[in-house]
Amino acid sequence: MNILAILILLSHYSFGQDKLTDYEMNWPEWRGPYGTGIAPVGDPPVEWNENMNVKWKVEIPGRGHATPVIWGDQIILLSAVQSDKKLATEQPEEEPLQNQWMSPTETDYIHEYAVLSVDRNNGKIRWQTTVREELPHSHTHEFGSWASNSPVTDGMNIYAYFGSHGLYCLDKEGHIKWERDLVRMEKLMSFGEGSSPILHGEKLIVLRDQEGQSFLHVLNKHTGEDILKIERDEQSSWSTPFIVEYEGNTQIITSATNKVRSYDFVTGEVIWECSGMTRNVIPSPVGADGMVYLISGFRGSALLAVNLSKAKGNITDTDAIAWKYDHDTPYTPSPLLMDDKIYFLKVNNGFLSCLDAADGKIYYSSEKLEGIQNIFASPVGVEDRIYITGANGTIYVVKHGPDFEVLSQNILEDNFHASPAVIGDNLYLRGFKYLYCISEE
């Protein structure tokens, strides 16, 4: 590339950055600044391995599938660190056979629920704060962890949610400012917990769907006190809420088995609702341009595109549902909404589909990503490409567009359930053992 071309590229990139807010320039929540899985600017590597384009990697204590959040030069991670303290516990009753099929993880060791800050420049751990130290109250899924809820930050404070083990607000130096015990949840069949908190303005939103009474909490982010506590007629779900602004009003969109619901951000009243999801809803909603997309894929397939201009009251089987799709939808990974296209994986497998977000037109369906057996991380998009992370350390880069095209297949020596994060020209991958910075620097 000649000097003139480089200068033009840099000026274009800088201009784009100047137009972005601080929130957009960072990765403040688990699905990025827009909650849709995209980074507005950036150009991470397309190819890498353990010996190429790894700027640094650092071993992270404990285990956690929470996606890192990033602000400035600080990467925030959550982890459950097993201590050497063992509790004598009563022999549990024989579990139902269906629970045994799930191979739940259990322990009789005390765990430290930790928030870590990693320097984005060199991968060094700056601080590690243990917010609680206790025995995990229940099993978790064999593919889960006791730190699967991703944190969220506004650049001033860090909000770390460990589900039944508490909600915490920390400052940038790792000091606890407030904490809330939102009481223990009972999740379906030892599946564990996973819904992440989100921020909007001065409020922190936490969804707690379980086998007992379910709630949507809207809290004061400065104090942790409830502004709204909304009862929900729902069973266990793991989806994270999605915030959408439409015609001057803010809506909190939640996706669950009984119903998809939109709540008024101020009053908590239901604006619209509908049925249509499968059981065990895990993927989070996404939306843009007056549309919201709901998706799930456990023992069935469901994708609903909701036109917000028509969404009022019970919209089941009305023209507020702009289009539906009932094939090859994801069980665990959330969809990626990028420009005018929506991408999603089949169940937890390496089969990728791409549809037109406006009308559901199929660009391609269930294209196989060879070498990947399981995918629990959600895809992310930046520039003209999509990053898809397999549990076995195989990471694909696929071209963004109507035609399926693999740009690269990359392999790292770790396992991955956490979703990637992107800042500028760097890709961050949190594995079972290591945190990687993938960069050409």
Taking 7 Å along the Cα-to-C-beta vector as the label spot, tell me the ASP181-ASP317 distance in nanometres, rounded to one decimal. 4.7 nm
For Cα pairs less than 8 Å apart in space and 6+ apart in sequence, what is the mean separation divided by the residue count of segment 110-246, i.e. the relative contact order in percent? 17 percent
Over all pairs of distinct alpha carbons, what does the Kirkwood formula give as the hydrodynamic radius of the chain, in Å? 22.0 Å
If eta is 1.306 mPa s and T is 10 °C, what Stokes-Einstein diffusion coefficient results for segment 108-184, Kirkwood Rh from Cα pairs, in µm²/s? 118 µm²/s
When the dipole is taken about the Cα centre of segment 319-376, and only Lys, Arg (+1) and Asp, Glu (-1) are charged at their Cβ, what size is it in debye, to the nearest 20? 180 debye
Add +1 for every Lys or Arg and -1 for every Asp or Glu among the other residues with Cβ under 11 Å from the Cβ of VAL397, and state the total. -2
Which percent of Cα pairs goes in each bin when the distances of segment 303-441 are cut into 10 angstrom slices starting at zero? 12, 40, 30, 14, 4, 0
Let's test the formula: R0 of 45 Å, r as the Cβ-Cβ distance of ASP108 and ASP171. What FRET efficiency results, to the nearest 0.05? 0.85
Cross-link pairs LYS85/LYS187; LYS259/LYS341; LYS124/LYS172; LYS341/LYS433; LYS85/LYS177 - those with Cα-Cα distance over 22 Å: LYS85/LYS187; LYS259/LYS341; LYS341/LYS433; LYS85/LYS177
Excluding GLU413 itself, calculate the net charge of residues whose Cβ lies under 13 Å from the Cβ of GLU413, where each Lys or Arg counts +1 and each Asp or Glu counts -1. -1
Would you mind finding the longest exposed-site-free stretch of the chain, with exposed trypsin sites (Lys or Arg not before Pro) meaning DSSP loop and at most 15 other Cβ atoms within 10 Å? 185-298
To make sure I understand the rule: partners must be aspartates and glutamates, Cα under 16 Å from the Cα of LYS361, and not fewer than 8 residues away in the same chain. Which ones qualify? ASP326, ASP328, ASP339, ASP340, ASP403
For THR250 and GLU269, compute 0.36 nm times the residue count separating them, minus their Cα-Cα distance, and round to one decimal in nm. 5.7 nm
Which of the GluC sites (Glu not before Pro) found in segment 200-244 are in a DSSP loop and have at most 13 neighbouring Cβ atoms, other than their own, within 10 Å? GLU202, GLU211, GLU225
What value does segment 225-352 have for Rg/Rh, both radii from Cα atoms and Rh as Kirkwood defines it? 0.95
Would you tally the net charge around SER309, using a Cβ to Cβ cut-off of less than 13 Å, leaving SER309 out, and scoring K and R as +1, D and E as -1? -1
Of the chymotrypsin sites (Phe, Trp or Tyr not before Pro) in segment 239-285, those whose Cβ has at most 11 other Cβ within 10 Å and which sit in DSSP loop: none
Spin-label proximity, ASP73 to segment 415-430 - amide N less than 12 Å from point 7 Å beyond Cα toward beta carbon: none
Binned at 5 Å starting from 0, the alpha-carbon pair-distance distribution of segment 270-340 in whole percents comes out as 4, 18, 28, 26, 18, 7, 0
Can you pull the three principal axis extents for the Cα set of segment 336-406, in Å, largest first? 34, 23, 18
Largest-first semi-axes in Å of the equivalent ellipsoid built from the Cα gyration tensor of segment 127-281 are 24, 21, 12
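Computed from the coordinates by the stated procedures, all read-outs in this text should not be read as laboratory data. Fair warning: this is a prediction, and the values are worked out from it, not measured in the lab. When we count neighbours, we look across all protein chains shown, and the Cβ atoms used for this are built from the backbone with ideal geometry, even at glycine.
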